[in-house]
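Down below is the structure, laid out as structure tokens.
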Ligand SMILES: Cc1ncc(C[n+]2csc(CCOP(=O)(O)OP(=O)(O)O)c2C)c(N)n1
């Protein structure tokens with residue numbers, strides 16, 4: 001059994017967990033860990049971000065692109081508080097990350113010491129679980145448990161706060177082997193066979209079954225089973241933002257996304273189906289609108305690994321608690337043994353019709369450049385295994401609407417928290433996880449300015465990502481709400497004198513181009529995607545182009561403000 | 001109407017849990033309540049026969065659905081080992097109150113003592129101008145006793161909150 005300092009034990013624990021990349025930023029309290037990292041340069045790559053929020057988002061991007069736990073680290077006080085946005089983001093999107101913070105020494109805790117913040121208290125409501133290690137000997141067990149918890153059951157972030165003196169204490173490093181028993185957290189993984197049987201009966205009886213797939217499909221690696229179920233039932237599938245790509249957006253049964261900025265066809269299908277099979281989604285208000293008017297013609301089957309999600313937001317006729325992959329596998333087995341016919345009917349015909357009418361697959365010509373045009377070009381140019389990350393705003397919703405994500409883990413966006421500034425660091429994290437893939441951050445001009453310091457991280461650590469900025473000179477999404485719901489009283493949303501983005505990226509030793517004409521978009525985008533260094537493509541877009549259709553907050557899914565190309569329902 | 005007033009009109013629920021005896025566990029649990037704007041009417045914590053495990057009993061008011069949601073969220077916490085809602089019919093519950101009541105003369109003193117007797121309450125402290133009475137029972141009994149002696153002038157009252165167990 002090896003004796004070592006707590007700080008070294010942190011690094012050893014990370015290695016035991018198979019961590020090869022982490023994102024962090026040093027300071028007084030976590031210096032012992034940085035010291036221990038020097039020897040591990042080859043085994044454990046530390047990526048120095050330029051703001052701790054970037055470390056948390058990068059860990060998220062890493063986790064979401066790779067399916068493994070992402071790791072970020074910060075020092076006590078401001079280092080830790082800077083991580084909070086990213087941790088909260090991971091919490092709402094169920095992303096497995098471990099956030100390590102250092103704390104002032106034990107004897108100083110509670111005395112308002114220099115750089116003391118109660119990180120244990122601060123991270124508690126935004127983590128799946130969190131720890132403060134006061135006994136150095138506990139360190140290996142805490143790390144083992146923390147990593148397990150990030151992925152066991154519903155994934156999520158776990159925070160570990162470690163006082164500096166604990167990092168300097170000598171301990172016996174005895175890393176727990178095998179699976180750890182966590183008595184207070186024993187999620188149900190296998191769906192109840194009776195419930196699955198009942199679901200199959202309901203499915204067989206349904207004439208208009210619709211699948212609503214959420215991020216749980218991707219977390220559970222159940223995308224193949226999802227497609228198999230859809231094909232077996234000849235059932236259309238609508239995926240939430242978190243599940244975009246779980247079934248290819250190009251699949252004939254895929255209706256893309258539902259909800260506030262969803263497709264007309266997806267919302268129509270929800271309102272008119274007789275069976276809604278929801279798998280790994282949580283009926284967020286951006287999906288349901290007014291829950292009392294949501295899918296009122298349907299019976300609802302809700303498959304989720306988290307018991308607390310059942311019945312939380314909408315009434316459910318049949319819950320099945322467990323892991324999506326295992327439940328869908330069982331369901332498919334049972335379906336193979338029953339007779340049912342799933343042929344063409346009026347409903348399916350209407351869906352096909354609506355789908356054709358709102359393909360949203362058009363090449364908008366003319367100037368000023370339309371956001372849709374840029375995404376149309378992205379669809380042509382993005383390699384089939386490329387990863388699109390987004391910031392938050394209109395551009396994100398344009399991407400949701402128009403981008404064709406070919407598969408799971410290829411569309412990464414901040415769904416639950418809607419965090420501007422998520423995209424660039426998350427793209428860097430995704431690139432660290434998948435260095436061979438093209439990674440693009442589709443950004444708004446407002447969002448990119450929140451985190452542009454991370455271009456340095458991209459350059460410095462040779463993680464070339466391309467930020468495609470839809471520059472409309474506004475905080476577009478908020479402006480759109482002011483236009484629609486505040487009588488065009490624009491307040492705080494014009495970005496005024498924008499920086500020269502090309503000079504900005506060049507200052508970071510990256511490359512950049514500005515595009516003002518529609519005819520230049522294709523070629524410039526091609527160069528951006530092929531870049532071998534951080535790239536910023538500044539595309540001047542039409543500030544008047546709103547993202548439509550739209551269901552006003554709390555409205556009914558079938559009462560949408562329609563856009564020009566939308567079919568009437 | 002303030003949130004608490006609406007809640008007060010709603011049914012009382014008793015939540016019983018076994019929790020790991022670790023620092024922060026109370027904060028985690030109260031966070032589940034406060035985040036949803038729920039008030040705890042009472043909270044009791046004490047050791048069990050298993051070292052490292054405590055039992056907590058919390059009473060709260062709200063609709064059945066919202067309380068069910070709270071129970072589910074509490075169950076999800078890593079440091080809660082078992083969470084259940086106790087129904088009043090299938091459980092036994094007790095609460096203790098200490099009531100300091102003023103007694104200005106001999107007549108009121110004996111009147112208060114006779115009430116205490118009826119309620120099987122005990123006098124635990126006697127002073128020149130006051131009596132301190134200990135009463136144990138279901139909360140409704142404690143309420144009734146306090147209401148009854150209110151007219152004499154209650155100087156101070158302290159209640160432990162409910163502790164409860166499921167009947168076998
Ligand atoms: C950190 C943060 N602050 C504020 C908001 C509110 N918000 C949502 S969208 C938006 C505008 C985003 O502007 P931009 O990045 O330029 O994108 P656009 O909508 O113009 O495409 C704002 C301010 C947010 N989502 N995140």
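So if each residue of separation counts as 0.36 nm, and I subtract the Cα-Cα distance between residue A:113 and residue A:45, what length gain in nm does that give? Before the final figure, lay out each step's value.
Working: separation 68, 0.36 × 68 = 24.48 nm, distance 3.14 nm.
Taking 0.36 nm per residue and subtracting the Cα distance, the gain is 21.3 nm.
I need the per residue convex hull volume for the protein assembly as shown, using only the alpha carbons, in cubic angstrom as a whole number.
Each residue corresponds to 198 Å³ of Cα convex hull volume.
As a test of understanding, state the convex hull volume per residue of the range A:352-405 from its alpha carbons, in Å³. Mind dumping the intermediate values first?
Working: hull volume 5.1 nm³, N = 54.
Spread over its residues, the Cα hull of the range A:352-405 gives 94 Å³ apiece.
Just from its helices, what would the mean residue ellipticity at 222 nm be for chain B, if runs of 4 or more DSSP H residues each count -39500 (n - 2.57) and the sum is divided by every residue, rounded to the nearest 500 deg cm²/dmol?
On the way: 5 runs with 54 residues, N = 168.
-9500 deg cm²/dmol, from helical runs alone.
With label points built 7 Å along Cα→Cβ from the Cα atoms of residue A:192 and residue A:380, find their separation and express it in nm.
With each label placed 7 Å out from Cα toward Cβ, I get 5.4 nm.
Using 15 Å as the cut-off for backbone N distance, which residues of the range A:113-150 belong to the label zone defined by a point 7 Å from the Cα of residue A:16 along Cα→Cβ?
What the label zone holds, given the 15 Å backbone N cut-off, is A:136-149.
Per the Kirkwood formula on distinct C-alpha pairs, the Rh of the range A:23-113 is how many angstrom?
Numbers: mean 1/r = 0.0742 Å⁻¹.
Kirkwood radius, the range A:23-113: 13.5 Å.
Note down the nm distance, to one decimal, between modelled labels 7 Å out along Cα→Cβ at residue A:292 and at residue B:63.
1.0
What would the Debye formula give as log10 I(q)/I(0) at q = 0.13, 0.16 Å⁻¹ for the alpha-carbon point model of the range B:3-86, no solvent?
So the normalised log intensities are -0.37, -0.56.
Efficiency by 1/(1 + (r/R0)^6): what FRET value for residue B:53 and residue B:87, r their Cβ-Cβ distance, R0 = 25 Å, to the nearest 0.05?
0.60
For the range A:2-173, which semi-axes, largest first and in whole Å, follow from the square roots of 5 times the eigenvalues of its Cα gyration tensor?
Working: eigenvalues 89, 67, 46 Å².
The equivalent ellipsoid of the range A:2-173 has semi-axes of 21, 18, 15 Å.
Considering the Cα positions of the range A:81-227, please state its Rg to one decimal place and its Dmax as a whole number of Å.
20.3, 67
Starting from the Cα coordinates of the range A:193-357, work out the convex hull volume and express it per residue in Å³. Let's see the in-between values first.
Details: hull volume 15.8 nm³, N = 165.
It comes to 96 Å³ per residue, whole-number rounded.
As a check on your grasp of the helix formula, calculate [θ] at 222 nm for chain A: sum -39500 (n - 2.57) over DSSP H runs of n ≥ 4, divide by the residue count, round to the nearest 500.
Values: 22 runs with 208 residues, N = 569.
Calculated at 222 nm, the ellipticity per residue is -10500 deg cm²/dmol.
Gain in length, residue A:274 to residue A:38, computed as 0.36 nm per residue apart minus the alpha-carbon separation, to one decimal in nm?
Values: separation 236, 0.36 × 236 = 84.96 nm, distance 6.01 nm.
Fully extending the segment from residue A:274 to residue A:38 adds 78.9 nm.
Using only alpha carbon positions, build the gyration tensor of the range A:441-569, then give the equivalent ellipsoid semi-axes as the square roots of 5 times its eigenvalues, largest first, whole angstrom. Write down the numbers at each step before the final one.
Details: eigenvalues 202, 56, 37 Å².
Rounded to whole Å, the semi-axes are 32, 17, 14.
Let's test the formula: R0 of 51 Å, r as the Cβ-Cβ distance of residue A:224 and residue B:113. What FRET efficiency results, to the nearest 0.05? Write out the running numbers ahead of the final one.
Numbers: r = 78 Å, r/R0 = 1.53.
Efficiency at R0 = 51 Å is approximately 0.05.
For the range A:157-282, what value does the Rg/Rh ratio take when both radii are computed over Cα atoms and Rh is the Kirkwood radius, given to two decimals? Could you put the intermediate results ahead of the total?
Working: Rg = 20.8 Å, Rh = 17.5 Å.
So for the range A:157-282, dividing Rg by the Kirkwood Rh gives 1.19.
State the Cα centre-to-centre distance between the range A:449-498 and the range A:249-298 in whole Å.
Computed from Cα coordinates, the inter-centre distance equals 29 Å.
Using 0.36 nm per residue of separation minus the Cα-Cα distance, give me the extension gain between residue A:66 and residue A:350 in nm, one decimal. Before the final figure, lay out each step's value.
On the way: separation 284, 0.36 × 284 = 102.24 nm, distance 3.81 nm.
Net length gain for the segment: 98.4 nm.
Would you kindly compute the Cα radius of gyration of the range A:371-540 and its largest Cα-Cα separation (Dmax), both in Å?
15.0, 48
Other chains near A:328-335: what is the mean number of their Cβ atoms within 10 Å of each residue's Cβ?
0
Over all alpha-carbon pairs of the range A:260-334, lay out the pair-distance distribution in 5 Å bins, whole %, shortest bin first.
Each 5 Å bin holds this share of Cα pairs: 3, 16, 25, 25, 16, 11, 3, 0.
Between residue B:34 and residue A:497, what's the calculated FRET efficiency when r is the beta-carbon distance and R0 is 45 Å? Round to 0.05. Could the numbers behind the result be given before it?
Numbers: r = 44 Å, r/R0 = 0.97.
Plugging the Cβ-Cβ distance into 1/(1 + (r/R0)^6) gives 0.55.
If the viscosity is 1.002 mPa s and the temperature 20 °C, what Stokes-Einstein diffusion coefficient in µm²/s follows for the range A:213-273 when Rh is the Kirkwood radius over Cα pairs?
Values: Rh = 11.4 Å.
Estimated via Stokes-Einstein, D reaches 188 µm²/s.
Can you order the peptides A:8-14, A:559-565, A:77-83 by their average number of other Cβ atoms within 10 Å per residue, highest first? Mind showing how you got there, number by number?
Working: A:8-14: 24.3, A:559-565: 14.7, A:77-83: 22.6.
Going by the mean number of other Cβ atoms within 10 Å, highest first, we get A:8-14, A:77-83, A:559-565.
Can you check what the Kirkwood hydrodynamic radius comes to for chain B, Cα pairs only, in Å to one decimal? Don't skip to the end; give the middle numbers.
Details: mean 1/r = 0.0566 Å⁻¹.
It is 17.7 Å.
Equivalent-ellipsoid semi-axes (√(5λ), Cα gyration tensor) for the range B:92-166, whole Å, largest first? Don't skip to the answer; put the middle values down first.
Details: eigenvalues 105, 25, 19 Å².
Each semi-axis is √(5λ); the values are 23, 11, 10 Å.
Could you order peptides A:50-59, A:107-116, A:202-211 by the average number of other Cβ atoms within 10 Å of their residues, highest first? Display every interim value, and only then the final one.
Details: A:50-59: 29.6, A:107-116: 13.3, A:202-211: 20.2.
Highest mean packing first, the order is A:50-59, A:202-211, A:107-116.
Read-outs: derived from the displayed coordinates by stated rules, not from any lab. If you're wondering where the values come from, they're calculated on a predicted model, not measured in any experiment. Using ideal geometry, Cβ is built from the backbone for each residue, glycine included, and neighbour counts are taken over all protein chains shown.
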